[in-house]
Structures are given as structure tokens and as C-alpha cells.
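A short worksheet on the structure shown next.
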Amino acid sequence: MNAKVKPVKSKGQMVGLRCSAPSTDGSILNLEKIREGVIDFGIAQSDWQYHAYNGTSKFKGKKFGNLRSVFSIHAEPFQLIVRLGSNIRRWSDLKGKRVNIGDPGSEHRGTMEELMRAHGTTVKDFAQVTQYTSTGQSKALCECKIDAYGYTVGVPNIGVGIATDNCGAQIIDLNSDVEKVLVAKYPYHAFATIPQGTYKTTVKHVTTFGVVATLVTSAKIDARIVYQVTQSVMNNLSAFRKLHPAFRRLAREKMA
């Protein structure tokens, strides 16, 4: 999601804003388009926001020092989803299983690789490695082509629901000492809870970790526009929460 904002003026005074919000291909593109001035606001995941501002990872040599955070939105936790009957209850149980590590360049592929390094796991530890996209991995799990997959996404999610509600898949906890070190080491990670009852098989709270979706802009954008956008959301938060299921637990204190 991104937004191009055009001030609406009357007698030379700004009285409102006109927004358009077409969909995009994700965080990296949004950040690049904000830098280029093509869009004024965009949603970026906190890890790519961090890398863009600091000139690391895919933004090495392209530091975006004018990047500014407006407010946080919803958590996008990494969810390790396992097939019914797979007997996978923790990360170590993935050994010898068929695991979808995600398509190259995806957020969940990046987090999966990060977890593999932290746990000392390599692709050789898996019986089979696949690279299904986010749209194909739930179907593959239900068709018993894979035993587990990782997915970084807001909660609840239709794709995850296909696997959990339709074929009994479960989301397992990722809160061991390994994940605690990752969260402590990298400021863009945070622990998150997937509440009991979110999906049919979520019979207890699930603890995992991940990133946060953030509304970002550029320091070049008129501060009055940033203020007006923020004020509009915060003053109408009840209506904003109804725009998407992942927004329903938003709280002003956390968004700030």
C-alpha cells in the first residue's frame, strides 16, 4: 500500500487532503518510491525500514537518511505452520521434514534464513526444500506436499486460515532462547502473540516474533500534511480498525 497526497486549498489555505492508495509490490518498492518522490507515504515492514535508513542489506550504498516513521500499525509475526500429523512441535522437529522456505526475496524467506542461521540449521537438515510462494504454500501443505512452512504476515490472514481451518494445520511457538537473542539483537524484531481462537486450531495463545508494519514518509513532506494524516487516523481509530482484520487490536499508545 502507498499513498499520494494532494493538499486541497481554499483561498490559499490548506483545508484538506486528497489521497489515492493503490496497491504495490511491498516494502522495498514503497521505500524506493518515497525516496524518488513518486509517493508521499507508504507502508514498510520495520526491518526494511531499518535497513533503508541505515544503508544495510539491500540498501547498502543507498542509505535513505530522509526516511521518517509516522506511526506503527500492526504486527506481522513470523508464523511456522505445520501439517496435521507431522509431529512438529518445535524448531528442532523440522529435521528430516519437507519444509517450504519461501520464494527468494520474500519477507518470510529472509526470516526463515535468519532463523536457520541462528539455530545452526542448513537445507541439508531437511528431507526436502521447496520455494512455494505465499499463495501456494497453504495449498501444498493441505495436499501433503510439504510438512511445514514459514509466513510473515498480519493476523488473521486468509492464507493461514486455509491451512489451519481447512486441514488442521497448527502454528507453533517460536520463543526459545534463540529467538530471544534475535529480538534482543535486532531492533526491528519484536515478540508477538497470536491469540487463542484466531484460527480453529489455535487452542492456546501462540508466541512468536517478527516485524511491525509502519507508515513511513520523507522528511521532505510538509509537516502539516504528516500531522493531518496522523490526526485523521488517531481521531477516527474505531473506523480505521474496521478497515482490515489485522487492525482490530490497534492501540494509540503502541502505534506511537
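Nothing in this text is a laboratory measurement; each read-out follows from the coordinates by a stated rule. The structure displayed is predicted, hence computed values, not measured ones. Quick reminder, even Gly has a Cβ in these numbers, built from the backbone with ideal geometry, and neighbours come from all protein chains shown.
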Taking only DSSP H segments of four or more residues, each worth -39500 (n - 2.57), what value at 222 nm results for the chain once the sum is divided by all its residues, to the nearest 500 deg cm²/dmol? -8500 deg cm²/dmol
Percent relative contact order of the chain, based on C-alpha pairs within less than 8 angstrom and at least six residues apart? 24 percent
Output ³J(HN,Hα) for the range 74-84: one whole-Hz value per residue in order, computed from phi by the Karplus curve 6.51 cos²θ - 1.76 cosθ + 1.60 with θ = phi - 60°, and x for Gly and Pro. 9, 6, 10, x, 7, 10, 9, 9, 10, 5, 4
So between THR201 and HIS119, what do we pick up on full extension, going 0.36 nm a residue minus the alpha carbon distance? 26.9 nm
Please find the FRET efficiency linking LYS95 to TYR188, where r is the Cβ-Cβ separation and R0 is fixed at 25 Å, and quote it to the nearest 0.05. 0.30
Compute the Cα gyration tensor for the range 189-256, then decide on rounded, prolate or oblate, letting a ≥ b ≥ c be the square roots of its eigenvalues: rounded whenever a/c is under 1.5, prolate when a/b is larger than b/c in the other cases, and oblate in all that remain. prolate
Residues in the range 35-51 reached by a label modelled at HIS244 [backbone nitrogen below 11 Å; 7 Å Cα→Cβ]: 43-45
Out of every Cα pair in the chain, what percent are spaced more than 27 Å from each other? 41 percent
So how do 169-177, 54-62, 225-233 stack up, highest first, on mean other-Cβ count within 10 Å? 169-177, 225-233, 54-62
The aspartates and glutamates whose Cα lies under 18 Å from the Cα of LYS33, excluding any fewer than 8 residues away in the same chain, are ASP25, ASP47, ASP222
Going through LYS97/LYS139; LYS145/LYS242; LYS58/LYS254 one by one, the pairs whose alpha carbons sit over 25 Å apart turn out to be LYS145/LYS242; LYS58/LYS254
By per-residue mean of other Cβ atoms within 10 Å, what is the highest-first order of 88-97, 65-74, 140-149? 140-149, 65-74, 88-97
From the phi angles alone, apply the Karplus equation (6.51, -1.76, 1.60; θ = phi - 60°) to the range 179-189 and give each ³J(HN,Hα) in whole Hz, x where the residue is Gly or Pro. 5, 4, 5, 4, 5, 5, 7, 10, x, 8, 9
I'd like the Kirkwood hydrodynamic radius of the range 151-219, using the inverse of the mean 1/r over distinct C-alpha pairs, in Å. 13.4 Å
